[in-house]
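The structure appears right after this line, and notes come after that.
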Amino acid sequence: MSDVCGDELVDVVVVGGGPAGVSAALAVGDAGAEVLIIEREDRLGGVLKQCIHDGFGVLQYGERLTGPEYAHRHVAALKCRQTQGGQIRVMTGAYLHSLRRDGTRWSIDLITSQGIQSIGTAAVVMATGCRERTDRQIYLHGDRPAGIFTAGQAQRLINIDGVMPGRNVVVLGSGDIGLIMARRFVLEGARVQGVYEIQSTVSGLARNVAQCLEDWNIPLHLGTTVTEVHGRNRVEAVTVCPVDGSGLPDHNAAERIPCDTLILSVGLIPENDIIADLGLPLDSSTGGPAVTQDRETQLPGLYVCGNALTVYDLVDYVSECGQAAGTAATRGATTARSAAAPSAHASAGPVETSGDIGQMVPQLLDLAADQPPVFFFRVKRAMDKATLTISRGGVQVESRRLTYLRPPEMIRYELRERAWAALRRNPGPISVAVEAADGS
Amino acid sequence: MAHRSIQRTCIICPRGCSLEIIVDDDHITVSGNECPKGEDYGIEEATAPRRILTTTVQTTVAGMPRLPVRSVGDVLLMEMDRLMREIDSIVVTQPVRCGDLVAADLCGIGVNLIATDDLRPAGPDTERGQ
Ligand SMILES: Cc1cc2nc3c(=O)[nH]c(=O)nc-3n(C[C@H](O)[C@H](O)[C@H](O)COP(=O)(O)OP(=O)(O)OC[C@H]3O[C@@H](n4cnc5c(N)ncnc54)[C@H](O)[C@@H]3O)c2cc1C
Ligand code: SF4
């Protein structure tokens with residue numbers, strides 16, 4: 001990579017070599033521009049490398065691949081494109097430290113084994129993934145003995161390092177990674193006492209409850225939480241308590257469960273510290289910045305995709321998101337080269353959500369785009385039947401019946417051509433709503 | 001065993017019917033299926049469910065102590081413990097490629113294991129930052 005130096009201008013820089021970043025880079029390569037992927041680890045693939053279970057790529061490849069197999073296909077596609085002359089370069093062991101707007105371009109500072117290095121680029125695609133909520137971010141009494149891990153840390157220890165974090169396990173939180181790790185522990189011969197979830201519903205996908213817990217007779221305790229951790233050097237037990245309707249623990253019903261390990265699966269947070277430093281506000285419902293359907297933020301030339309934007313539950317959607325960002329970033333970079341680039345925002349309007357929509361991307365719509373946008377949203381509560389309506393200035397342009405909506409399952413909705421044309425034509429604010437139908 | 005009810009999503013075709021499987025002693029009824037294949041799947045889920053086995057095996061290759069593997073095709077859930085015990089003793093000493101056979105006919109029940117990632121000596125698969 002000796003040709004990349006401070007003075008050089010790369011068309012597009014992609015930060016993060018997980019499925020979102022690799023998809024973005026492939027899209028840039030396809031569009032004929034040059035792209036550089038920056039990845040802090042030694043290998044591409046992101047978190048997929050440790051997700052050894054199957055179920056990835058059903059939509060994209062029509063197969064249930066494991067995480068490493070999915071990543072392997074991505075990297076193979078990248079290598080294939082490189083040998084065909086695509087200007088795709090990859091720099092591993094490089095950590096994005098900061099970025100700043102520098103006139104009409106972006107300037108990026110990287111930390112590598114050689115020190116700090118700067119690169120100039122017309123467009124930056126952030127694909128930095130998400131991180132896990134930790135014990136410091138939840139309400140937990142007691143000491144902090146060894147033996148408390150996030151589900152992702154345990155996943156990495158077992159699947160990559162070959163180290164068992166413990167033998168007698170309690171899982172707090174019913175996120176997908178927690179469910180998957182409960183099964184993984186049992187398969188490796190450990191005992192899993194149960195999965196404890198403070199809410200009255202599971203936060204992971206129904207298929208993971210069936211295949212990870214029911215298959216292995218792992219008890220699931222809804223409306224129950226861990227209130228205290230016992231043990232001086234190592235976890236010796238936890239206290240679990242049922243909670244009432246307002247989430248307060250009923251200490252009279254507390255139970256002490258001996259264990260040596262507490263696994264936390266209490267949520268994922270998009271990784272955006274670096275761009276938050278730029279003063280870009282984050283959407284409180286997604287945890288990522290507001291973007292257009294091109295995944296462009298309110299700072300021209302800065303794109304965010306994958307789990308850094310919003311936590312997706314299917315890697316296929318992550319890749320689709322990365323691809324959209326890469327395609328748009330190439331367009332942005334090539335116009336930026338020729339003239340003062342009109343950002344998508346010149347023609348973008350905010351989208352208001354209402355009813356039972358909990359979170360949605362994109363939050364902004366570029367009305368100059370010819371292609372209809374695709375919405376990804378989650379609902380706040382379970383509904384068997386609901387109606388999705390999209391309107392502008394009070395005029396409804398789309399109405400659709402949706403069935404079986406569940407908060408853990410993200411819904412992908414592609415606007416129809418006719419509705420998009422109407423939406424672009426009408427004046428006024430744009431709104432998207434989901435309302436339960438038939439009192440479901 | 002008496003009465004139990006199992007909810008499953010049929011995975012035979014993309015329609016993904018929501019099945020309700022009721023087991024009454026040795027009598028099984030499946031509902032919610034749009035076609036007969038769903039009934040067969042429901043009965044199998046209630047009696048002898050099959051799953052892909054995914055795990056890791058030990059390696060002696062520096063920098064990559066575990067190699068992720070999976071079964072070729074699905075295996076009976078009830079065989080998994082036995083298979084895992086046999087997999088415990090596997091040690092891979094040579095580099096392999098994603099898709100390569102790692103072990104054949106485990107436990108003598110015709111289960112083959114393949115690698116789900118490349119196994120090669122430590123070092124980045126790309127140019128390193130410099
Ligand atoms: C622990 C964990 C387990 C998961 N398990 C599953 C699962 O089993 N099934 C599932 O469908 N989804 C799972 N997910 C969700 C999963 O993140 C997505 O499916 C998908 O992998 C996200 O892709 P991504 O490219 O957005 O992010 P990632 O795959 O996380 O990739 C982000 C990449 O960016 C790099 N990076 C971050 N910051 C920097 C920086 N400053 N400089 C340079 N590089 C940087 C990281 O090293 C990483 O390689 C899991 C998430 C986590 C956190
Ligand atoms: S029951 Fe039939 S139609 Fe329904 S998902 Fe299964 S195979 Fe498809």
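Read-outs: derived from the displayed coordinates by stated rules, not from any lab. Since the structure is predicted, the reported quantities are computational estimates derived from the model, not experimental observations. Counting neighbours? That spans all protein chains shown, and the Cβs are built from the backbone with ideal geometry, glycine included.
Just a few scattered comments:
- Calculated SAXS-style log₁₀ I(q)/I(0) at q = 0.07, 0.08, 0.12 Å⁻¹ - chain A, Debye, Cα scatterers: -0.38, -0.49, -1.06
- Relative contact order (percent, whole number), chain A, Cα cutoff 8 Å, 6+ residue spacing: 15 percent
- Cα gyration tensor category, rounded, prolate or oblate, for the range A:179-228 with a/c compared to 1.5: oblate
- Restriction of the trypsin sites (Lys or Arg not before Pro) in the range A:218-314 to DSSP coil positions whose beta-carbon has at most 11 other beta-carbons within 10 angstrom yields A:R232.
- The C-alpha atoms of chain A define a longest principal axis, and helix A:19-30 lies at about 20 degrees to it.
- Tail beyond 22 Å, pair distance distribution of the range A:352-436 (Cα, percent): 20 percent
- Taking chain B and dividing mean pair separation by its residue count, relative contact order in percent (alpha carbons under 8 Å, at least six apart): 18 percent
- Stokes-Einstein translational diffusion, the range B:41-99 - Kirkwood Rh over all Cα pairs, 1.567 mPa s, 4 °C, in µm²/s: 100 µm²/s
- Interatomic Cα distance distribution for the range B:3-47, bins of 5 angstrom, percent: 5, 28, 38, 18, 8, 2, 0
- Among A:417-425, A:51-59, the order from most to least packed when residues are scored by Cβ within 10 Å on average: A:51-59, A:417-425
- With a 10 Å cut-off around each Cβ of B:111-121, the average count of Cβ atoms from other chains is 3.
- Put in order of Cβ neighbour count within 10 Å, fewest first, the listed residues A:S285, A:S113 become A:S113, A:S285.
- Summing charges over neighbours of A:T201, with a neighbour being any other residue whose Cβ is under 11 Å away from its Cβ, gives +1 when K and R count +1 and D and E count -1.
- Shielding of peptide A:111-122 by partners, expressed as the average count of other chain Cβ atoms within 10 Å per residue Cβ, is 1.
- Of every Cα-Cα pair in chain B, the percent that sits beyond 27 Å: 42 percent
- The residues packed around A:V351, meaning those with a beta-carbon under 12 Å from its beta-carbon, carry a net charge of -2 if Lys and Arg are +1 and Asp and Glu are -1.
- In chain A, the DSSP beta bridges split such that about 60 percent are antiparallel, to the nearest 5.
- Mean separation of Cα pairs under 8 Å and 6 or more residues apart, divided by the residue count, gives the range A:134-266 a relative contact order of 33 percent.
- Largest first, the three principal axis extents of the alpha carbons in the range A:134-266 are 39, 36, 24 Å in whole numbers.
- The aspartates and glutamates whose alpha-carbon is closer than 17 Å to the alpha-carbon of A:K385, local same-chain residues fewer than 8 away aside, are A:D356, A:E398, A:E409, A:E435, A:D438.
- Taking N as its residue count, the alpha carbon Rg of the range A:301-412 over 2.2 N^0.38 Å: 1.19
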